[in-house]
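Nothing in this text is a laboratory measurement; each read-out follows from the coordinates by a stated rule. This is a predicted model, so every value here is computed, not measured. A quick note on method: Cβ atoms are made from the backbone with ideal geometry, for glycine too, and the neighbour counts reach across all protein chains shown.
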Amino acid sequence: AAGVIQSPRHLIKEKRETATLKCYPIPRHDTVYWYQQGPGQDPQFLISFYEKMQSDKGSIPDRFSAQQFSDYHSELNMSSLELGDSALYFCASSLTAGEHNEKLFFGSGTQLSVL
Amino acid sequence: GQNIDQPTEMTATEGAIVQINCTYQTSGFNGLFWYQQHAGEAPTFLSYNVLDGLEEKGRFSSFLSRSKGYSYLLLKELQMKDSASYLCASKNAGNMLTFGGGTRLMVKP
């Protein structure tokens, strides 16, 4: 079965650089979520999109932006990178339609290291 | 807002039973999830409760009490591969999932 695909798997950047993370949700899933997980910490919700519109916003810095495209893939754009941005970034998708609030399926994550 | 509490670490013996508790305070509560996460890997879905009661799925069961804001994950017949972090997460009416800090479970022989 198809899963959530994230790219790249690993990314190394320097301070003040920009980074773009990509997420391809499970086919037919209509909602995409972005989470940031620092070492030894729980995943922190950043932002979500439902049917290509932003639906919820969490602790996403102003330096970050995200969007969902017509093919439902999503990109997280990160500018003016800081050392503290080093973390594992997970994308998750779900099918929200109908009565059942379906579970989130997570991608394998992008490990971002800012040097 | 949302606030989720669970123990930081637990240790159990192979073959035993362990219960991981989670308390939550969630505005517009709309369900409680348990996820398993091995180090450096993505969280994987274990269970979902939205109504009071026990949901059993093989060696894993999850319980929810909405009135008490309480859930637990029960793992039976523990195996070494069950050593992982177990994340309690609550969903609000807007479908946003908020994770607790996770419980790191160590299974010993």
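Database remark: amide H of B:Gly101 closer than 5 angstrom to the amide H of B:Gln6 (H placed geometrically; neighbours at sequence offset of 5 or more, or on other chains; Pro and chain starts carry no H). Inter-chain Cβ neighbour count for A:40-51, averaged per residue, equals 4 (cutoff 10 Å, partner chain atoms only). Placing a label point 7 Å from the Cα of A:Ser80 along the Cα-to-Cβ line, the residues of the range A:23-66 whose backbone N sits under 17 Å from it are A:60-66. Relative to the 2.2 N^0.38 Å rule of thumb, the range B:58-104 has a C-alpha radius of gyration ratio of 1.32. Once backbone amide H atoms are built at 1.01 Å from N, A:Ser86 has A:Val114 as its partners under 5 Å, excluding neighbours fewer than 5 places away on the same chain.
In terms of its C-alpha gyration tensor, chain B has a prolate overall shape, because the principal axis ratio a/c (a ≥ b ≥ c, square roots of the eigenvalues) is not below 1.5 and a/b outweighs b/c. Within the protein assembly as shown, the ratio Rg/Rh, alpha carbon atoms throughout and Rh by Kirkwood, equals 0.97. For the pair A:Arg63 and B:Gln25, a Förster radius of 45 Å applied to the C-beta separation gives a FRET efficiency near 0.90, rounded to the nearest 0.05.
Lysine pair count for chain A with Cα-Cα distance under 24 Å and sequence separation of 8 or more or different chains is 6. Annotation: amide H-H contacts under 5 Å for A:Gly109 (H modelled 1.01 Å from N, sequence separation of 5 or more, or interchain): A:Gln6, A:Cys91. Exposed loop sites here are trypsin sites (Lys or Arg not before Pro) assigned a DSSP state other than H, G, I, E or B and surrounded by at most 12 other beta carbons within 10 Å; excluding them, the longest clear run of chain A is A:29-115.
The mean number of partner chain beta-carbon atoms within 10 angstrom of a residue's beta-carbon across peptide B:80-92 is 1.
Chain A gives an Rg/Rh value of 0.96, both radii derived from C-alpha positions and Rh following Kirkwood. Take each residue in A:32-38, count the other chain C-beta atoms within 10 Å of its C-beta, and the mean is 2.
Over all pairs of different C-alpha atoms in the range A:16-68, the reciprocal of the mean inverse distance, the Kirkwood hydrodynamic radius, equals 12.2 Å. Simple point charges give the picture: +1 on the Cβ of Lys and Arg, -1 on the Cβ of Asp and Glu, and for the range B:1-64 a dipole about the Cα centre of about 100 debye. Of the GluC sites (Glu not before Pro) found in the range B:8-109, the ones in coil according to DSSP and having at most 16 other Cβ atoms within 10 Å of their Cβ are B:Glu14, B:Glu41, B:Glu77.
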